[in-house]
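The values are calculated or read from the model by the stated rules, or taken from the named source; none is laboratory data. In this text the structure is predicted, and so the values were computed from the model without any measurement.
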């Protein structure tokens, strides 16, 4: 179909999506490049090519695609999170943290952004900021048990068992089955 309609960005995007599903990263990157030659401002091609490039650890190229995407559409949470991830992968943790801070300013009700920043802060050994961000993520999305467990793990690493147990009890009071949290409850003793 593409050979019959070589200028169809829609067909090329669909082909590239299948390439990604099959983990054919180089083919996907090539196809997104074909789309971008037809339409330099195609946001889907920029975003997913950046994703594929990041997967192949071609961080410089991924960064360029995310930055181009954000020049066109600056208020996009997923692209900002992608750029922060690439910056972290490049070892530019301060820039990654700055990007996450900007993203939180733009999307203050997005639990995933707080969680992303908490993970980076943990890597940077910034315990109190990470605990604050886990608390915000839980406040915004209290049913996400992954956030609760992440905060509890950090508290346990700090030997703050009582606070960890309080966090677990709060999750149980919100309806999380006690058995799902048994491993962490036992570690709080």
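For the subset of region 102-125 comprising residues that are outside any helix (DSSP H, G or I) and closer than 14 Å to residue 139 by Cα, which member is nearest to the chain's Cα centre (by Cα)? Filtering region 102-125 for residues that are outside any helix (DSSP H, G or I) and closer than 14 Å to residue 139 by Cα, the one nearest to the chain's Cα centre (by Cα) comes out as 110. The condition of being modelled with pLDDT of 95 or more, farther than 28 Å from residue 172 by Cα and assigned to a helix (DSSP H, G or I) holds for residue 65. Selection over region 129-170 of residues that are part of a helix (DSSP H, G or I) and more than 17 Å from residue 115 (Cα to Cα) gives a count of 11.
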